[in-house]
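Everything below concerns the one structure shown next.
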Amino acid sequence: MSRFPEPGILPSEAREILTRLGVGGDALRGPRAACSPLTGEVLAHVPEMGAGEVERAIARAHAAYLAWRTVPAPRRGELVRLFGAELRAVKADLAALVTLEAGKIASEGAGEVQEMIDICDFATGLSRQLHGLTIATERPDHRMMETWHPMGVVGVISAFNFPVAVWSWNAALAFVCGDAVVWKPSEKTPLTALAVDAVFRRAAARFGDVPEGLSTLVLGGRDAGEALVDDARVPIISATGSTAMGRSVGPRVAERFGRAILELGGNNAAIVCPSADLDLTVRAVAFAAMGTAGQRCTSLRRLIVHDGIYDALVARLKTAYGSVSVGDPRAAATLVGPLIDGAAFGTMQLALDAARAAGGTVTGGERVGEAALPGAFYVRPALVEMPAQTDTVAAETFAPILYVLRYGAFAEAVRLNNEVPQGLASSVFTTDLREAELFLSVTGSDCGIANVNIGPSGAEIGGAFGGEKETGGGREAGSDSWKAYMRRATNTINYGMKLPLAQGVTFEVG
Ligand code: NAD
């Protein structure tokens with residue numbers, strides 16, 4: 001039984017949460033409407049910043065960086081630790097706001113804030129581990145080592161579907177690395193960005209002497225993002241969003257020899273082998289494909305199933321798809337909340353039409369709750385059996401569509417997995433060790449994430465999160481991705497009395 005939200009109540013709920021989080025006054029006055037995908041209602045109005053304001057924010061951030069870079073790294077880590085503590089205190093409110101503004105179900109809203117807390121913990125420890133190597137030198141009486149230095153201002157451009165976590169992955173690392181951050185969030189999620197900014201200010205006040213401008217929020221559309229991208233005082237641009245956005249941002253940053261960290265679209269597949277545990281597979285596939293209404297970069301979009309188990313698996317998936325609850329993301333039983341807006345719905349329907357035209361059989365995909373909520377876009381997730389991997393299948397449609405394809409030989413399944421432009425996440429379901437290891441090997445999956453017996457969606461902050469090919473290759477969050485936020489210097493120290501001029505040539509000094 002689906003339940004949909006009551007219209008009329010959400011704006012005041014949002015106001016109350018924003019007030020508790022410390023957002024009010026001028027931050028909630030301006031020309032841009034912040035809407036809720038739950039009902040389509042306007043929750044609040046926010047300011048819109050143009051190129052001039054972005055320019056001033058960058059100037060402030062650059063000045064802040066000049067001071068912040070001299071603060072010892074473990075002390076910088078203390079600021080991030082305090083931010084994590086403030087986030088713990090407001091987790092429920094911030095998660096509820098993520099649900100209201102981005103439409104995520106309650107557990108995923110809470111999960112996103114937990115990711116922010118996790119990266120703060122990770123980065124606090126990291127602030128004492130920004131290690132360089134000591135390197136064996138060929139010169140006598142010399143020592144050679146590498147030193148890591150802050151870079152400057154990091155411009156963060158983020159997508160609507162991770163409205164708070166993406167900034168945190170970047171900012172927590174950037175702050176401990178000694179950088180300042182200017183953040184241009186998605187124009188679809190300004191309220192959560194204002195809330196995060198307010199929570200960060202609480203941490204900064206507890207810390208005491210954070211330079212003004214260390215963390216700056218600029219609200220605006222594509223032009224505000226472009227102003228950030230083109231400014232030479234921003235040596236690093238970390239942009240998360242569609243491949244179309246990355247195609248514009250990447251060359252512009254490269255033209256001025258800046259560093260781009262790009263995390264772009266995905267078109268993630270799972271291969272299901274004859275030996276797979278089907279109970280586990282059905283649960284994992286259903287969650288990875290339908291969760292967050294298919295609006296995750298790591299959502300499962302293609303299922304490549306062995307002939308021998310195809311009919312049994314698809315029948316079980318159809319039952320799961322038929323029984324899933326679509327509706328109010330705040331209701332405990334709901335797995336699938338709304339699409340972000342009408343444009344997303346239109347794109348989904350175009351993809352389904354193209355799949356039908358190419359011989360696909362579509363189950364689900366229809367709009368629900370339209371009569372009660374004409375401004376909101378809820379859909380039943382679509383399962384689409386395809387005769388081949390067509391252009392539509394090979395494109396990322398940011399909606400809950402799972403294309404199902406058959407395979408005979410494992411090599412064919414790996415080829416299908418890799419034969420799309422994007423290279424984000426992938427999985428294999430098998431109990432055959434050889435298939436599992438082959439999938440993870442150099443001749444297996446070409447994706448940044450390759451999993452065995454777990455769906456492709458979601459990523460832990462401990463592993464660097466990114467992807468290959470059209471996904472941009474950028475790495476945010478864990479592992480050694482901190483190096484992308486710093487520059488490396490190699491230092492050579494001569495503690496001898498001779499100065500080698502060239503191989504074998506020296507002269508005596510004094
Ligand atoms: P989007 O590309 O429409 O917008 C993302 C951000 O880029 C927004 O802040 C937008 O204002 C800005 N932007 C757009 N064009 C720009 C330009 N030319 N110059 C500068 N800034 C520009 O993406 P979206 O619809 O918000 O998010 C969904 C997309 O993001 C999907 O493709 C999804 O796969 C991807 N995504 C990827 C990851 C990842 O880690 N790989 C994570 C989340 C989302």
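Looking at 490, 443, which is the one that is over 30 Å from residue 277 (Cα atoms), among the polar types (S, T, N, Q) and at pLDDT 95 or above? Quick ask: steps written out before the conclusion?
Details: 443 fails: over 30 Å from residue 277 (Cα atoms).
One residue alone meets the criteria, 490.
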Counting only residues in region 291-324 that are among the polar types (S, T, N, Q) and more than 16 Å from the ligand (Cβ to nearest atom), the one nearest to residue 239 (Cα to Cα) is identified as 323
All conditions in (1) of a type in the set (Gly, Ala, Ser); (2) touching a helix residue (DSSP H, G or I) at 6+ places or on another chain (Cβ under 8 Å); (3) surrounded by fewer than 16 Cβ atoms within 10 Å (Cβ to Cβ) are true of residue 27 except (3)
Could you list all residues from region 290-325 that are crowded, with 24+ Cβ neighbours inside 10 Å, hydrophobic (A, V, I, L, M, F, W, C) and either closer than 16 Å to residue 367 by Cα or free of Cβ contacts under 8 Å to residues at least 60 places away in the same chain (or both)? 290, 293
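Here is a yes/no grid of residues against (1) among the aliphatic types (A, V, I, L, M); (2) touching a helix residue (DSSP H, G or I) at 6+ places or on another chain (Cβ under 9 Å); (3) part of a helix (DSSP H, G or I):
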| residue | (1), (2), (3) |
| --- | --- |
| 249 | yes, yes, yes |
| 270 | yes, yes, no |
| 281 | no, yes, yes |
| 302 | no, yes, no |
Of everything in region 397-412, what is out of contact with any Asp or Glu (no Cβ under 9 Å at 6 or more places or on another chain) and buried (at least 21 other Cβ atoms within 10 Å of the Cβ)? Give them in sequence order. 397, 398, 399, 400, 401, 402
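Among the residues of region 214-224, is any of a type in the set (D, E, K, R), without any contact (Cβ under 8 Å) to a residue 40 or more places away in the chain and over 26 Å from residue 35 (Cβ atoms)? Can you show your working first?
Narrowing region 214-224 to residues of a type in the set (D, E, K, R): 222-223.
Retained after the next criterion (residues that are without any contact (Cβ under 8 Å) to a residue 40 or more places away in the chain): 222.
Next cut, over 26 Å from residue 35 (Cβ atoms) only: none.
Scanning region 214-224 turns up no residue that is of a type in the set (D, E, K, R), without any contact (Cβ under 8 Å) to a residue 40 or more places away in the chain and over 26 Å from residue 35 (Cβ atoms).
Mind listing just one residue for me: the one in region 414-431 that is part of a loop (DSSP other than H, G, I, E, B) and within 30 Å of the chain's Cα centre (by Cα) and, of those, nearest to the ligand (Cβ to nearest atom)?
Applying the first criterion (part of a loop (DSSP other than H, G, I, E, B)) to region 414-431 yields 419-421, 424, 430-431.
Within this subset, residues satisfying the condition of being within 30 Å of the chain's Cα centre (by Cα) are 419-421, 424, 430.
Details: 419: 19, 420: 13, 421: 12, 424: 6, 430: 26 Å.
Residue satisfying both the conditions and the ranking: 424.
Filter the strands (runs of 3 or more DSSP E) completely within region 451-500 down to those with at least 1 residues that are of a type in the set (D, E, K, R). Even if it seems obvious, please write down each step before you answer.
Working: elements: 464-466, 475-477, 486-494.
Counting at least 1 such residues, we get 475-477, 486-494.
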Tell me, please, whether a residue that is touching a residue at least 40 places away in the same chain (Cβ under 8 Å), touching a Cys at 6+ places or on another chain (Cβ under 9 Å), surrounded by 15 or more Cβ atoms within 10 Å (Cβ to Cβ) and farther than 19 Å from residue 337 by Cα can be found in region 267-288. yes
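Does region 241-255 include one or more residues that are more than 16 Å from the ligand (Cβ to nearest atom), at pLDDT 95 or above and small (Gly, Ala, Ser)?
Just the residues of region 241-255 that are more than 16 Å from the ligand (Cβ to nearest atom), to begin with: none.
Within region 241-255, none of the residues are more than 16 Å from the ligand (Cβ to nearest atom), at pLDDT 95 or above and small (Gly, Ala, Ser).
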With the checklist (1) free of Cβ contacts under 8 Å to residues at least 24 places away in the same chain; (2) closer than 21 Å to residue 296 by Cα in hand, flag the one item residue 371 doesn't pass. (2)
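Matching residues to (1) within 16 Å of the ligand (Cβ to nearest atom); (2) more than 19 Å from residue 188 (Cα to Cα); (3) in contact with a Phe, Trp or Tyr (Cβ under 6 Å, 6 or more places away or on another chain); (4) not charged (D, E, K, R):
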position	(1), (2), (3), (4)
330	no, yes, no, no
357	no, yes, no, yes
368	no, yes, yes, yes
388	no, yes, no, yes
Is at least one residue of region 131-153 within 16 Å of the ligand (Cβ to nearest atom) and either touching an Asp or Glu at 6+ places or on another chain (Cβ under 7 Å) or within 25 Å of residue 193 (Cα to Cα) (or both)? yes
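Starting from residues that are in a loop (DSSP other than H, G, I, E, B) and surrounded by 15 or more Cβ atoms within 10 Å (Cβ to Cβ), keep the ones in region 202-220 and report whichever is nearest to the ligand (Cβ to nearest atom).
As a first pass, look at region 202-220 and keep what is in a loop (DSSP other than H, G, I, E, B): 208-214, 218-220.
Next cut, surrounded by 15 or more Cβ atoms within 10 Å (Cβ to Cβ) only: 210-211, 213-214, 218-220.
Values: 210: 25, 211: 25, 213: 21, 214: 21, 218: 10, 219: 10, 220: 8 Å.
Ranking the candidates gives 220 first.
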Test residue 179 against the criterion of being farther than 21 Å from residue 465 by Cα, more than 18 Å from the chain's Cα centre (by Cα) and of a type in the set (Asp, Glu), and give yes or no. no
Residue in region 450-481 that is farthest from the ligand (Cβ to nearest atom), counting only those that are under 16 Å from residue 303 (Cα atoms) and not polar (S, T, N, Q): 452
List the number of the failed condition for residue 377; all other conditions in (1) farther than 25 Å from residue 108 by Cα; (2) modelled with pLDDT of 95 or more hold. (1)
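The values are calculated or read from the model by the stated rules, or taken from the named source; none is laboratory data. This one's a predicted model, so the numbers in the text were calculated from it and none came from an experiment. Virtual Cβ from ideal backbone geometry, glycine too; neighbours counted across all protein chains shown.
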